[in-house]
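Here's the structure we're looking at; comments come further down.
The values are calculated or read from the model by the stated rules, or taken from the named source; none is laboratory data. Small disclaimer: the values here were computed from a predicted structure and weren't measured. Virtual Cβ from ideal backbone geometry, glycine too; neighbours counted across all protein chains shown. Surface accessibility is based on the protein's heavy atoms, side chains included, excluding ligands, DNA and RNA. Shrake-Rupley method; radii C 1.70, N 1.55, O 1.52, S 1.80 Å.
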Amino acid sequence: MAGCKYYGITEHANKPVSIDLDHCLEKLYRGELLSEPVIDQLCFKLKELLVKESNIVHVQSPVTLVGDIHGQFYDLLEIFKIGGYPPDTNYLFLGDYVDRGFHSVETISLLIVLKLKYPQRVNLIRGNHESRQITTNYGFYTECLTKYGNQSQIWSIFTDIFDYLILAAIIDNNLFCVHGGLSPNVQTIDSILVIDRFKEIPHDGPMADLVWSDPDLELLNFRISSRGAGYQFGINVVNKFLQVNKFESIYRAHQLCQEGYQVFWKGKVNTVWSAPNYCYRCGNKASILEIFNSYREPDSFRFNVFDASPESQKEFLKVVNMGEMDESAQDDFLALPENKIAKKAPYVEYFM
Amino acid sequence: MSDRVPKYNSIDSFQIDAARQMHRLTTSSRVPMRPPVRRTPEQKAKLPVSTDSPSCASCGTVITPGPVATLPIKDTPSIKVGEFKIYTARHPILNATEIDEFESILNLPVPEMIFGNNRVRISHPKLEIDFCALDALKLVESNPSNLIQVSYASEWVKSRQHKHHNNSDVVLEMYKPFDWTYTTPYKGTVTGTTLTRDDEMKIPLEKLQRQDPILFFDEMVLYEDELGDNGISVLSIKIRVMHSCLLLLQRLFVRVDNVLLRICDTRVYIDFEDDLVIREFKQQELEYDKLFRLCTGNDPRKMMRDINWCSQRLPVVKVEREFAKLTT
């Protein structure tokens, strides 16, 4: 499934089209789409770049960690407003760029161009949604067809790039960053380095666990979830991993939290969540983690917490075709009963 | 670190209410000549409809805007028709502390998106029906006889056992099984008059199909879980209130990819004119493959995400109806 579709249309990649990254960036920052041949060419270039990168990339502080974005493009722009635009700020994205939100294409396109433009300052870790199987079920596939037409190959172009994304990163030789968490098959960093990552995320094995697993405060060791697949990991596992690899702590994303971040075991494991008002209805906060140095003093890092951008809500309403903004969703303080009755009523369905 | 995060609900509800009135007064006084709001005459209004505030006799504008303080959490707009009062409350997902409280009560991990403070309450002197996530989750089976597993589960567990057989470093624990699809037979929490089972008491569709003006509408999610990206489980509520009746639909939609689809609908129909309450519980279920065969087009899984499309095609496995007559 991986390559065949893509190679059918590689004539774009073979034609040396000159692409101006600054021009692409300008368009993307305005929320415009790039054409399919341009995306194809960019992805080709990005593959050349990523294939040389190791499964684990080493980065130096200062760096800002960004958790799940899930196609909430306008909230990603908000992140740059809050945390600074690349290349002035170094970014390490922890995965889950696509699905669920309405602007997965814009989000992943922007990240691809940023990585190409500033390869040393932007790093993209693979999340469990950077996968063919998941994106057909959770919206990215549909969005690609809606935005580029039914005949378009854009989804295969994007999903092929996903196979090249790195699996983890280490900051200052001290902080371990991954999308999901630990795996019983991963005791040392070397066991991640030996993974052949250039493939669809399997159901099983260390590569799957790194993007899927979750910490659980009640646990000591690993636990198999009730679903019959997937792991949760406990404190003993964390302690051992940190000790063996001489790390201070683990940073990961993958799990929604109302506060925008969650600290486990006094900071040994931390969740960074960067999709505010997730799915346009959760009302949760989001955060980015700004790491200034790795001495682990109180002021060496901070979770910068933020709310959904107003544009995000507007775009959401545009997409669900409600025409007019529902004031009550924006501002509870001003929400009066008349608004609710008179304004909302015309848009409601006569459900049965 | 946490003191940087503003506390939600830190203002008491009566303060919000007072602040709201104050804000309303100041803003309205700034506008010199506000044209009277023209309201379409309500012809069929046999029963007094109010938001618990007096209306102006000539133009119908509500004089004091104060919405009724509903539950202790926060006041929200509500509506009153005859003796029936309808309250709804929508809030963000629970924070970590609230999740801990829920889990200690429930003894199972709560769904990923848990709107534990969302509520719908229909209140009448003789009957009260509440809908909330906590009560719904209390009915999730903790040790189900037929535990559903994801499509690749057996393969996964087998490979695990094989791999960790001789590995003393890895200690595996098994979670006590619970219905991780969060299927619940919850039909709302009823206090007061007990409902009488009568499967013949059908909800009068012809009355609901009339395009009567909707006086009040709200919808909310009680909980939602993506089943570790193996599908979805979502419990949601919609309510619409007309002059003569109301309809509430609580819908549980479960899709386990490549395994099954399940819909449990609870409809509460209340006829304000007859003081009649009908509650219908309907369960639909089908194997994933069988429904998938009905999908067309080059993006078939889009249809599998469309709850309405699915609900029209899933066979009904169970229907139960109950009613109560609240004559005073």
Taking B:Lys176 as the residue in question, decide whether it is among the charged types (D, E, K, R), more than 9 Å from every other protein chain (Cβ to nearest Cβ), open to solvent by 60 Å² or more (accessible area, probe 1.4 Å) and out of contact with any Gly (no Cβ under 7 Å at 6 or more places or on another chain).
-> no
Can you confirm whether the range B:257-279 contains a residue that is within 14 Å of chain A (Cβ to nearest Cβ), modelled with pLDDT under 95 and open to solvent by 50 Å² or more (accessible area, probe 1.4 Å)?
-> yes
What about B:Pro213, is it in contact (Cβ under 8 Å) with a residue 24 or more places away in the chain, more than 9 Å from chain A (Cβ to nearest Cβ), open to solvent by 20 Å² or more (accessible area, probe 1.4 Å) and not hydrophobic (A, V, I, L, M, F, W, C)?
-> no
Would the range A:229-244 turn up any residue that is open to solvent by less than 20 Å² (accessible area, probe 1.4 Å), part of a helix (DSSP H, G or I) and modelled with pLDDT under 95?
-> no
Inspect all residues belonging to the range B:220-241 and state whether any of them is open to solvent by 10 Å² or more (accessible area, probe 1.4 Å), small (Gly, Ala, Ser), within 11 Å of chain A (Cβ to nearest Cβ) and closer than 20 Å to B:Ser311 by Cα.
-> yes
If B:Ile122 passes every condition in (1) closer than 22 Å to A:Arg281 by Cα; (2) modelled with pLDDT of 90 or more; (3) of a type outside the set (Lys, Arg) but one, which one does it miss?
-> (1)
If you take the residues in the range A:118-153 that are buried (at least 23 other Cβ atoms within 10 Å of the Cβ), hydrophobic (A, V, I, L, M, F, W, C) and within 14 Å of chain B (Cβ to nearest Cβ), which one is nearest to A:Ile201 (Cα to Cα)?
-> A:Ile134
Residue that is modelled with the lowest pLDDT [pool: residues in the range A:193-225 that are open to solvent by less than 10 Å² (accessible area, probe 1.4 Å) and small (Gly, Ala, Ser)] = A:Gly205
Of those in the range B:282-308 that are at the interface with chain A (Cβ under 10 Å from one of its Cβ atoms) and in a helix (DSSP H, G or I), the residue surrounded by the most Cβ atoms within 10 Å (Cβ to Cβ) is B:Met304
Checking A:Leu42 against (1) under 22 Å from A:Thr271 (Cβ atoms); (2) over 16 Å from the mean Cα position of the chain (by Cα); (3) surrounded by 21 or more Cβ atoms within 10 Å (Cβ to Cβ), which test does it fail?
-> (1)
Quick one: which residue in A:Asp99, A:Asp68 is free of Cβ contacts under 8 Å to residues at least 60 places away in the same chain and either of a type in the set (A, V, I, L, M, F, W, C) or farther than 18 Å from A:Leu25 by Cα (or both)?
-> A:Asp99
Given the residues A:Gly101, A:Gly139, A:Gly84, which is the only one that is under 14 Å from the mean Cα position of the chain (by Cα) and small (Gly, Ala, Ser)?
-> A:Gly101
Subset of the range B:235-250 [without any contact (Cβ under 8 Å) to a residue 60 or more places away in the chain and assigned to a strand (DSSP E or B)] = B:Ser236, B:Lys238, B:Arg240, B:Cys245, B:Leu247, B:Leu249
Here the residues within the range B:186-207 that are at pLDDT 90 or above and within 12 Å of another protein chain (Cβ to nearest Cβ) are B:Ile203, B:Pro204
For the range A:221-230, state whether one or more residues are within 14 Å of chain B (Cβ to nearest Cβ), under 20 Å from A:Phe93 (Cβ atoms) and not hydrophobic (A, V, I, L, M, F, W, C).
-> no
Checked A:Pro62, A:Pro37 against criteria (open to solvent by 40 Å² or more (accessible area, probe 1.4 Å) and over 29 Å from A:Leu289 (Cα atoms)); the one match is A:Pro37
Report, by residue number, each residue of the range B:99-113 that is open to solvent by 50 Å² or more (accessible area, probe 1.4 Å) and part of a helix (DSSP H, G or I).
-> B:Asp100, B:Glu101, B:Glu103, B:Ser104, B:Ile105
Test: A:Gln262 is within 17 Å of B:Asp100 (Cβ to Cβ), open to solvent by 10 Å² or more (accessible area, probe 1.4 Å), out of contact with any strand residue (DSSP E or B) (no Cβ under 8 Å at 6 or more places or on another chain) and within 11 Å of chain B (Cβ to nearest Cβ) = no
